[in-house]
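Inspection log for the structure reproduced underneath, given as structure tokens.
The values are calculated or read from the model by the stated rules, or taken from the named source; none is laboratory data. As the structure is a computational prediction, the values presented were derived from the model and not from experiment. Here the Cβ is made from the backbone with ideal geometry for all residues, glycine too, and neighbour counts use every protein chain on show. The protein model used for the area step is the full one, side chains on, heavy atoms only, and it has no ligands, DNA or RNA in it. Shrake-Rupley method; radii C 1.70, N 1.55, O 1.52, S 1.80 Å.
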Amino acid sequence: IQPFLATLTDDPTLSGLFSMLTQVIDAIESGESVEIEPLVKEINKAIGTSETDPNWRMSWQVLMSPDSEKKDIYREFILLKPKLDYSSLMPADKIIESIDALRTQTKLEQEYGVKVRLTGSVALQHEDLIAVTEGTKLAMSLALIMVTCIMLVGLRSVKLMLFTIFSLMIGLIVTAAFATLTIGKLNLISVAFTVLYIGLGVDFAIHFCLRYREYLLNQTANETALTETAINIGSSLFICAISTAVGFFAFIPTDYKGVAELGWIAGFGMFFSFIFTLTILPVLFKLFPLTTKASSKTSSTILNWLSSFPIRYCKIIIAATTVLFVCALFIASNITFDPNTLNLQDPKGESLKTFRDLLADKSTSPWTAITLAKNEQEAEKIIGEFSKVAAVDKSLYINNFIPGLQDEKLILIDELGLLLGELTIQSNPVTNHTANRTAINELLAKLEQANQDKLNKRLITLKTHLAELSEQDDKRLAQVQLSLLDTLPGRVNSLNQSLNADYITLENLPVDLRKRWLSDNGYYRIEIFPRDDLQDQEAMREFVHEIQAINDKVTGSPIINLSASDSVAKSFKQAFLYAFIVITLLLLMLCKEKRDVIFILAPM
């Protein structure tokens, strides 16, 4: 192809391309063996696609390297090590804003059809922080709105509702201050205390308000009503505060820091809610008493029927509950735990979508395992062991970046260099559309003269395209030329560079690459790629267990995710057991009739 390539580099326009094709067809008719099929295929595709997608470009890389791996999507990776600002609520905010600004300024997608997508642990965590922050605000707002509506309907008093919300907000702020003083910061899980506090803390206030109003309806004086309310429900509320706090405190001894801190904050929050219910509310009602009318002591037929239903149909309820319990127990025993933390994040986020795209392709999976070797011999031994593991696709270390058979390859490259010479090409050639039309018509005439029976389908399609192009305006010809030849100069320059290849050794590998794979003290980094998509839970467990059976010193996202998820599951089991034991002991101390403990625990 050297003579044809020289023709094209001398004139990298439609004129040069179609003149070259005419020469190729002449050579084939003269008996020369020239493979024209791939080029004609790509030309047809470019002409057909350029009209609907002006950013589409023909790949001269694929044409010059027909044996190379072909993919629907080509990706280049830029690895960034960002400077994070941990004094900010969003440590990666500035760097991500900078990258977004660069994407906007460069207009790579609009002008070149190149998509720039950001992902990785920092981007995923940033999106997660945004989702948690916005989600917590929304959840807290919705909880307040719903609690307010329920209290307006249930308490039937704007004053009771306002005083309850006021007491609730003081308790929430004090709990947040307590968290700041004792822990210092919230995590993605402990931030949920705000919603939990509103949902659980309001119960204390509702009990107080209902009992206080009941005394007033029975014509009890305001101060007496407040005193009697505190005396009669104070002990009950205190027991409720203890039992609820115990449920949260049960998380503290577990290994999972996220829920341990949540348990600490929310547990003390219940005591704050109890204290403010018995202090703030009485003060408010003392200063601004509630005015009520005498109670008529009437109850609805529906309430009477609902109240008596369990008594009248107790045997049926016990039988139905038993059946329901057995069925639910069977169904619940089949529940599984999802270790994939990606499933917790906003599915619409760019970084998550990009991350999932990479995971789906085993050659680009960011979920790989990593281990270290003390020297080259140990690295080769470890890679040999991993090559026998069914769940492993491949293992890499720095020597994989050094080609084999370099002597033989360099001889071939030298011969190729002598044959091709130094190819020069114009980056912005002067376009002559008159010459372009002449070349199109000459090639069209050549195809018309050829034996039509010997023309394959691609050449017949090309003939149709050329006939259409010959009637198009200059603007359309310029678009086709761009689609066909825009990437040629870059590919020719790369070809020239490759002809200057020299020996590649460990010492002359790029410094950034070498540092990533070989430490200053001689440790070799080995990366193990999974065979399957690790978004599948079973595939992840299989991959982790199989490589850990070979080498127990592996680490990486799959191992960390699985270990973390197992730790979470274990922590919740431990917390449940601790809470159950402590609350059972508490009930045994409080209940005079010990069988009451069973009656209390059974519905739970």
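Quick one: in region 18-44, of everything that is in a helix (DSSP H, G or I) and more than 14 Å from Lys446 (Cβ to Cβ), which residue is least open to solvent (accessible area, probe 1.4 Å)? Can you show your working first?
Going residue by residue through region 18-44, those that are in a helix (DSSP H, G or I) are 18-29, 37-44.
Cutting the leftovers down to more than 14 Å from Lys446 (Cβ to Cβ) gives us 37-39, 41-44.
Details: Glu37: 61, Pro38: 54, Leu39: 25, Lys41: 98, Glu42: 31, Ile43: 0, Asn44: 19 Å².
Only one residue tops the list, namely Ile43.
Select from region 520-532 the residues that are farther than 20 Å from Asp552 by Cα and in contact (Cβ under 8 Å) with a residue 24 or more places away in the chain and write down the one among them that is least open to solvent (accessible area, probe 1.4 Å). Show your work before the answer.
Step one: list which residues in region 520-532 are farther than 20 Å from Asp552 by Cα, which gives 520-522, 532.
Subsequent filtering for residues that are in contact (Cβ under 8 Å) with a residue 24 or more places away in the chain retains 522, 532.
Numbers: Gly522: 24, Asp532: 61 Å².
Taking the candidates together, the pick is Gly522.
Would region 454-469 turn up any residue that is of a type outside the set (Phe, Trp, Tyr), open to solvent by 30 Å² or more (accessible area, probe 1.4 Å), closer than 20 Å to Met58 by Cβ and not in a helix (DSSP H, G or I)?
yes
Tell me, please, whether a residue that is modelled with pLDDT of 85 or more, hydrophobic (A, V, I, L, M, F, W, C), loosely packed, with under 14 Cβ neighbours inside 10 Å and at negative phi can be found in region 533-544.
No, every residue in region 533-544 fails to be modelled with pLDDT of 85 or more, hydrophobic (A, V, I, L, M, F, W, C), loosely packed, with under 14 Cβ neighbours inside 10 Å and at negative phi.
Mind counting the residues in region 397-449 that are within 30 Å of Glu527 (Cα to Cα), in contact with a helix residue (DSSP H, G or I) (Cβ under 8 Å, 6 or more places away or on another chain) and surrounded by 12 or more Cβ atoms within 10 Å (Cβ to Cβ)?
First pass over region 397-449, keeping only residues within 30 Å of Glu527 (Cα to Cα): 397-410.
The next check asks that each one be in contact with a helix residue (DSSP H, G or I) (Cβ under 8 Å, 6 or more places away or on another chain); those that pass are 397-399, 401, 403.
Narrowing the set further to residues that are surrounded by 12 or more Cβ atoms within 10 Å (Cβ to Cβ) leaves 397-399, 401.
Of the residues in region 397-449, 4 are within 30 Å of Glu527 (Cα to Cα), in contact with a helix residue (DSSP H, G or I) (Cβ under 8 Å, 6 or more places away or on another chain) and surrounded by 12 or more Cβ atoms within 10 Å (Cβ to Cβ).
Would you call Leu142 assigned to a helix (DSSP H, G or I) and loosely packed, with under 13 Cβ neighbours inside 10 Å? Break it down into steps so the answer makes sense when it comes.
Details: assigned to a helix (DSSP H, G or I): yes; loosely packed, with under 13 Cβ neighbours inside 10 Å: yes.
When the stated conditions are applied, Leu142 passes them.
Taking region 471-482 as the region of interest, how many residues are surrounded by 14 or more Cβ atoms within 10 Å (Cβ to Cβ) and touching a helix residue (DSSP H, G or I) at 6+ places or on another chain (Cβ under 6 Å)?
So the answer is 4.
Looking at this structure, is Asn551 surrounded by fewer than 18 Cβ atoms within 10 Å (Cβ to Cβ) and within 30 Å of Gln406 (Cα to Cα)? Walk me through it before giving the result.
On the way: surrounded by fewer than 18 Cβ atoms within 10 Å (Cβ to Cβ): yes; within 30 Å of Gln406 (Cα to Cα): no.
Taking the combined requirement at face value, the residue does not satisfy it.
Of the residues that sit in region 129-167 and are more than 30 Å from Ser88 (Cα to Cα) and among the small types (Gly, Ala, Ser), which one is farthest from the chain's Cα centre (by Cα)?
Per the stated criteria, the residue is Ser157.
Condition check: of a type in the set (A, V, I, L, M), closer than 30 Å to Ser19 by Cβ, part of a helix (DSSP H, G or I) and open to solvent by less than 100 Å² (accessible area, probe 1.4 Å). Does Ile96 satisfy that? I'd like the intermediate steps shown before the answer.
Working: of a type in the set (A, V, I, L, M): yes; closer than 30 Å to Ser19 by Cβ: no; part of a helix (DSSP H, G or I): yes; open to solvent by less than 100 Å² (accessible area, probe 1.4 Å): yes.
So Ile96 fails the test.
Taking Asn343 as the residue in question, decide whether it is surrounded by 11 or more Cβ atoms within 10 Å (Cβ to Cβ), of a type outside the set (A, V, I, L, M), modelled with pLDDT under 90 and part of a helix (DSSP H, G or I). Lay out the reasoning, then the answer.
Values: surrounded by 11 or more Cβ atoms within 10 Å (Cβ to Cβ): yes; of a type outside the set (A, V, I, L, M): yes; modelled with pLDDT under 90: yes; part of a helix (DSSP H, G or I): yes.
Answer is yes for this residue.
For a quick check of your reading of the model, give me the residue pairs whose first member lies in region 428-445 and is at negative phi and without any contact (Cβ under 8 Å) to a residue 40 or more places away in the chain, whose second is open to solvent by 30 Å² or more (accessible area, probe 1.4 Å) and among the hydrophobic types (A, V, I, L, M, F, W, C), with beta-carbon atoms closer than 7 Å and at least 6 apart or on different chains.
Filtered contacts from region 428-445: Leu444/Ala467.
For region 497-604, which fully contained helices (runs of 4 or more DSSP H) count at least 3 residues that are in contact with a Ser or Thr (Cβ under 6 Å, 6 or more places away or on another chain)?
Values: elements: 511-517, 537-550, 557-590, 595-601.
So the answer is 557-590.
With respect to the numbered conditions (1) surrounded by fewer than 18 Cβ atoms within 10 Å (Cβ to Cβ); (2) part of a helix (DSSP H, G or I), which one is the sole condition not fulfilled by Phe193?
The failed condition is (1).
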